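The values are calculated or read from the model by the stated rules, or taken from the named source; none is laboratory data. Given the structure is predicted, the values throughout are model-derived calculations rather than measurements. FYI the Cβ positions are ideal-geometry reconstructions off the backbone, even for glycines, and counts take in every protein chain you see. All accessible areas refer to the heavy atoms of the entire protein, side chains included, with ligands and DNA or RNA removed. Shrake-Rupley method; radii C 1.70, N 1.55, O 1.52, S 1.80 Å.
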Amino acid sequence: MQLATPFTVIAVSVLVALISDGAASARDREVARQTSFGGSCISCELAGRNLSGARIAGANFSGADLTGANLRGARLHASNFTGADLTKADLSDAAMSGANFTGANLTGAKLRSTEVMGVSFTGATLSMADLSEAETSGAAFRKSVMIDADLRSATLKGANFEQADLSSADLSDAKASGANFSRARLTGANFQSAGLRGASFVRVEASGVSFRDAQMNGASLSFGEFASASFRSADLTGANLSNARFYRADFRGADLSRAGLTGADLSNATGLTQSQIDDACAGPATRLPRGLVGRTCTGFRYSSR
């Protein structure tokens, strides 16, 4: 028989009290706020448990059932929640660093005002999750499903959303400078007034997205699809729009100073003026609305077809 390490024994002895179906009543299910967990609890049944304020460090909760669990204010450091089910779990005001939620199910989970540093949500499901005002700098959401997720006013600096599905997600007022949204699905998402300086939207599917009043200085939108997107009053100074398509996109009041338009298809875009185009850097392959004249940044001018 394999012997457990003392560290694991401590963890499991505490968890047994949680999992036991003995004489514990519903009100006895609450765990002391300062309880610490470590070791291994793979596929544990912890649905609905009160783990608020718990400290979980270096523990393995892969495949665990934490459906509806209360983890408010918990500290989840360097712990493994791979494939765990946290549907509708409450992690509000929690803090986690180096934790792994790869493939986990956080549908409808509450992560409001949570501190998420260097955490992996790769391939996780966060549809309808509440991450508003969360601090998720440097977190990985690659290939995650975040349909209808709430990320209002979240700090997402340097976060990786490559190939994620953020359809209809709300990222208004989010601070996402340097974030990577390349190849993401953003259909119907809301980035109104978001800080997106230097962010990457390369090859995104962004039909119907609102970037109204967003700060997109130096952002890259190359090869993206932005049909019916709104860039109204957005700051696109120095942004790269090369080879992207903007069918019926709205550019009213947008700042295109030094924006790169080489190969961009703006032929059906609305709200563009000659003054905006004069401030941008186009090229012979740029397609502009009829009547507008493009120019390269070396001063060469040409008429749109």
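Annotations for the structure displayed:
- Subset of segment 77-101 [closer than 21 Å to Glu45 by Cβ and of a type outside the set (A, V, I, L, M, F, W, C)]: Ser79, Asn80, Thr82, Gly83, Asp85, Thr87, Lys88, Asp90, Asn100
- Members of segment 119-136 that are open to solvent by 30 Å² or more (accessible area, probe 1.4 Å) and either in contact with a Lys or Arg (Cβ under 8 Å, 6 or more places away or on another chain) or assigned to a loop (DSSP other than H, G, I, E, B) (or both): Thr122, Gly123, Met128, Asp130, Glu133
- Those residues of segment 236-253 which are open to solvent by 30 Å² or more (accessible area, probe 1.4 Å) and not hydroxyl-bearing (Ser, Thr, Tyr), in sequence order: Gly238, Asn240, Asn243, Arg245, Arg248, Arg252, Gly253
- Among the numbered conditions (1) among the aliphatic types (A, V, I, L, M); (2) part of a loop (DSSP other than H, G, I, E, B); (3) farther than 30 Å from Leu261 by Cα, the only one that Val116 does not meet is (2).
- When segment 57-86 is filtered for residues that are open to solvent by 10 Å² or more (accessible area, probe 1.4 Å) and farther than 19 Å from Lys110 by Cβ, the ones remaining, listed by number, are Ala57, Gly58, Asn60, Ser62, Gly63, His77, Ala78, Asn80, Thr82, Gly83.
- Reported count of residues in segment 193-215, each being closer than 17 Å to Thr155 by Cβ and either in contact with an Asp or Glu (Cβ under 6 Å, 6 or more places away or on another chain) or in contact (Cβ under 8 Å) with a residue 60 or more places away in the chain (or both), is 2.
- Within the set Arg197, Arg142, the sole residue that is at pLDDT 95 or above, in a loop (DSSP other than H, G, I, E, B), under 23 Å from Ser97 (Cα atoms) and out of contact with any Lys or Arg (no Cβ under 8 Å at 6 or more places or on another chain) turns out to be Arg142.
- Ala206 vs. criteria within 27 Å of Asp150 (Cα to Cα) and either surrounded by fewer than 19 Cβ atoms within 10 Å (Cβ to Cβ) or at pLDDT 95 or above (or both): yes
- Test for Ile42: is it at pLDDT 90 or above, more than 23 Å from Lys110 (Cβ to Cβ), open to solvent by 20 Å² or more (accessible area, probe 1.4 Å) and out of contact with any Cys (no Cβ under 6 Å at 6 or more places or on another chain): yes
- Annotation note: of Ser267, Ser275, Ser222, Ser228, the sole residue that is free of Cβ contacts under 8 Å to residues at least 12 places away in the same chain, farther than 21 Å from Gly138 by Cα and either of a type outside the set (Lys, Arg) or surrounded by 22 or more Cβ atoms within 10 Å (Cβ to Cβ) (or both) is Ser275.
- Looking at Ala89, Ala95, Ala109, just one residue is touching a residue at least 12 places away in the same chain (Cβ under 8 Å), surrounded by fewer than 24 Cβ atoms within 10 Å (Cβ to Cβ) and of a type in the set (A, V, I, L, M), and that residue is Ala95.
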